[in-house]
1. Quick one: in the stretch 145-163, which of the residues that are farther than 15 Å from LYS117 by Cα and hydrophobic (A, V, I, L, M, F, W, C) is surrounded by the most Cβ atoms within 10 Å (Cβ to Cβ)?
2. Return a yes/no flag: does the stretch 86-98 have any residue that is in contact with a helix residue (DSSP H, G or I) (Cβ under 8 Å, 6 or more places away or on another chain) and either among the hydrophobic types (A, V, I, L, M, F, W, C) or outside any helix (DSSP H, G or I) (or both).
3. State which residue is surrounded by the most Cβ atoms within 10 Å (Cβ to Cβ) when the search covers only the stretch 122-144 and only residues that are part of a helix (DSSP H, G or I) and among the small types (Gly, Ala, Ser).
4. Taking ILE161 as the residue in question, decide whether it is closer than 19 Å to GLY11 by Cβ and touching a residue at least 12 places away in the same chain (Cβ under 8 Å).
5. Of the numbered conditions (1) in contact with a His (Cβ under 9 Å, 6 or more places away or on another chain); (2) part of a helix (DSSP H, G or I), MET33 satisfies every one except a single condition; which is it?
6. Would you mention how many residues in the stretch 1-42 are more than 30 Å from VAL131 (Cα to Cα) and among the polar types (S, T, N, Q)?
7. How many residues are in contact (Cβ under 8 Å) with a residue 12 or more places away in the chain, exposed (fewer than 13 other Cβ atoms within 10 Å of the Cβ) and either closer than 18 Å to TYR184 by Cβ or of a type in the set (A, V, I, L, M, F, W, C) (or both) if we restrict to the stretch 8-52?
8. So, of the residues in the stretch 111-121 that are open to solvent by 10 Å² or more (accessible area, probe 1.4 Å) and in a helix (DSSP H, G or I), which turns out to be nearest to LEU186 (Cα to Cα)?
Amino acid sequence: MPVVKEVNFKGEVIGDYTLSDAVFGAPVHVPAMHQVVVAHLANCRQGTHNTKDRGDVRGGGKKPWRQKHTGHARSGSNRSPIWVGGGVAHGPHPRDYHQKVNKKVRRLALCSALTLKVQEERMLVLEKFDVEAPKTKTMIAFLAAINAERKPLFVTHETNIAASRSAANIPGAQVLHVDSINVYDLLNHEQLIATPEAVKKLEEVFG
């Protein structure tokens with residue numbers, strides 16, 4: 001059974017926390033994680049980019065000069081892509097970048113990412129957030145105590161406004177509800193800090 005350290009908000013280790021083998025001890029499947037991350041980034045794209053081709057640019061109705069005997073290369077429109085002010089050749093147009101990922105692949109990738117965090121000893125369980133009011137200094141002191149100043153990811157079981165605002169001004173820090181956890185954020189952050197209730201929710205859903 002995988003075991004990680006459990007800490008309080010002062011950064012003190014208060015014991016060990018045993019995790020589920022099904023979620024935090026699963027085989028690490030790199031191709032599944034890659035597929036899910038690529039799909040995640042693709043689905044974030046709006047796809048609203050657009051350019052005007054030669055048929056969309058205003059003007060260009062008259063042939064600039066006659067076909068032969070001018071000394072110029074032949075040309076039929078001054079809105080051709082090779083002209084200044086002309087249209088764009090093969091430019092982007094609005095499209096949908098959405099990629100579908102099967103539930104089993106998504107589950108496999110998420111368990112792989114969680115297992116990777118445990119194997120690399122970059123996961124801690126936080127007993128509870130002792131934050132009554134937003135205070136960046138308090139959050140920085142906690143992260144320094146557990147050596148997780150670089151890109152920490154907090155996963156909570158409930159919406160915690162004080163914790164979210166305390167981490168808002170810390171570069172790279174992010175607070176996520178357990179229902180919003182995803183493979184991209186797990187791999188993009190250095191340290192994973194989860195509450196016991198969030199861990200239990202993950203084990204119930206993906207175990």
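The values are calculated or read from the model by the stated rules, or taken from the named source; none is laboratory data. Remember, it's a predicted structure, so these values are computed and weren't measured experimentally. Please note: Cβ atoms are built from the backbone with ideal geometry, for glycine as well, and neighbour counts cover all protein chains shown. Only protein heavy atoms, including side chains, enter the accessible area calculation; ligands, DNA and RNA are left aside. Shrake-Rupley method; radii C 1.70, N 1.55, O 1.52, S 1.80 Å.
1. My answer is ALA163.
2. Within the stretch 86-98 (the criterion being in contact with a helix residue (DSSP H, G or I) (Cβ under 8 Å, 6 or more places away or on another chain) and either among the hydrophobic types (A, V, I, L, M, F, W, C) or outside any helix (DSSP H, G or I) (or both)), the answer is yes, since at least one residue qualifies.
3. The extreme case among them is ALA141.
4. no
5. It fails just one condition, (1).
6. Total satisfying the criteria: 1.
7. So the count comes out to 5.
8. Out of the qualifying residues, it is LEU116.
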